[in-house]
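Notes follow once the structure below has been shown.
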Amino acid sequence: MTEVEVSVTELAEMNDDERWMEYAMTLALKAQEEGEVPVGAVLVLDNQVIGEGWNRSIGHHDPTAHAEIMALRQGGNAVQNYRLLDATLYVTLEPCVMCAGAMIHSRIRRVVYGAADAKTGAAGSLMDILRHPGMNHQIEITSGVLADACSEQLSAFFRFRRSQKKALRLAERAAQTGETTSGNSAE
Ligand SMILES: [Zn+2]
């Protein structure tokens, strides 16, 4: 990876955020290839990747194997410390309560997410764990970076999965009808 000198202007930070979010989206594709919901996360410290993760809950039989958790674990290993001070976590989907909790434990400085999650988002949508006034560590949040692209990545996956399920149902129905020639629609 090339070293990039980033001037600390808001614009530069914005472009940087987009660049890392694009990277997180490529990690989300790995989840998709493994039949998981496509969410990707990358943990960055001093403009270097120290952890990457993608959703692996199904494959790992692990409800905690969210992209963010995987990235935090790898990051902890990389710096040999469970505190990940000054790191920024980029994730394509707003973190859930569990991941927001893990971020607070890790003491990362900032989280940047793409698509908001009205149903389970714990960074401002459903609730705001990361900036809860009672929390002993506050995490800076930047939301909506490449939000449309991240959101479309998820929507496309769910559309595809619905169409697959429908095709499967139709195939099963066709097979049943073929076997019994009853023409039972079963609905
Ligand atoms: Zn999560």
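The values are calculated or read from the model by the stated rules, or taken from the named source; none is laboratory data. Just so it is clear, the structure is predicted and the values come from calculations on it, not from any experiment. Cβ coordinates were reconstructed from backbone atoms using ideal geometry, including for glycine residues, and neighbour counts include every protein chain displayed.
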Within the stretch 55-76, work out how many residues are away from the ligand (no atom under 14 Å from the Cβ) and surrounded by 24 or more Cβ atoms within 10 Å (Cβ to Cβ). 1
Looking at the stretch 139-148, can you tell me whether even one residue there is modelled with pLDDT of 95 or more and assigned to a helix (DSSP H, G or I)? yes
Hey, THR142 more than 11 Å from the ligand (Cβ to nearest atom) and not basic (Lys, Arg) or not: yes
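For the stretch 79-89, indicate whether the set of residues that are outside any strand (DSSP E or B), modelled with pLDDT of 95 or more, under 19 Å from ALA147 (Cα atoms) and hydrophobic (A, V, I, L, M, F, W, C) is non-empty.
No, there is no match, as no residue in the stretch 79-89 is outside any strand (DSSP E or B), modelled with pLDDT of 95 or more, under 19 Å from ALA147 (Cα atoms) and hydrophobic (A, V, I, L, M, F, W, C).
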Quick check on my filter: what residues within the stretch 90-109 are within 13 Å of the ligand (Cβ to nearest atom), assigned to a loop (DSSP other than H, G, I, E, B) and over 15 Å from GLU36 (Cβ atoms)? GLU94, PRO95
SER7 versus (1) among the hydroxyl-bearing types (Ser, Thr, Tyr); (2) modelled with pLDDT under 95; (3) within 16 Å of GLN153 (Cβ to Cβ): which is the lone unmet condition? (3)
Six or more apart or on different chains, Cβ atoms under 6 Å: show the pairs whose first residue is in the stretch 9-34 and closer than 14 Å to VAL49 by Cβ and among the hydroxyl-bearing types (Ser, Thr, Tyr) and whose second is at pLDDT 95 or above and surrounded by 14 or more Cβ atoms within 10 Å (Cβ to Cβ). TYR23/VAL42
Pairs with Cβ under 7 Å, 6+ apart, first in the stretch 93-104 and in contact (Cβ under 8 Å) with a residue 60 or more places away in the chain, second near the ligand (Cβ under 9 Å from one of its atoms): LEU93/VAL39
Between GLU52, GLU36, which is buried (at least 17 other Cβ atoms within 10 Å of the Cβ), assigned to a strand (DSSP E or B) and not hydrophobic (A, V, I, L, M, F, W, C)? GLU52
Of a type outside the set (Lys, Arg), at pLDDT 95 or above, within 12 Å of the ligand (Cβ to nearest atom) and not in a loop (DSSP other than H, G, I, E, B): is that true of VAL112 in this structure? no
Over the stretch 77-99, the set of residues more than 12 Å from the chain's Cα centre (by Cα) and crowded, with 18+ Cβ neighbours inside 10 Å is LEU84, ALA87, THR88
With respect to the numbered conditions (1) surrounded by fewer than 16 Cβ atoms within 10 Å (Cβ to Cβ); (2) within 14 Å of the ligand (Cβ to nearest atom); (3) closer than 17 Å to GLN48 by Cβ, which one is the sole condition not fulfilled by THR120? (3)
Working only within the stretch 115-138, note down all residues that are part of a loop (DSSP other than H, G, I, E, B) and hydrophobic (A, V, I, L, M, F, W, C). ALA116, ALA118, ALA122, LEU126, MET127, ILE129, LEU130, MET135
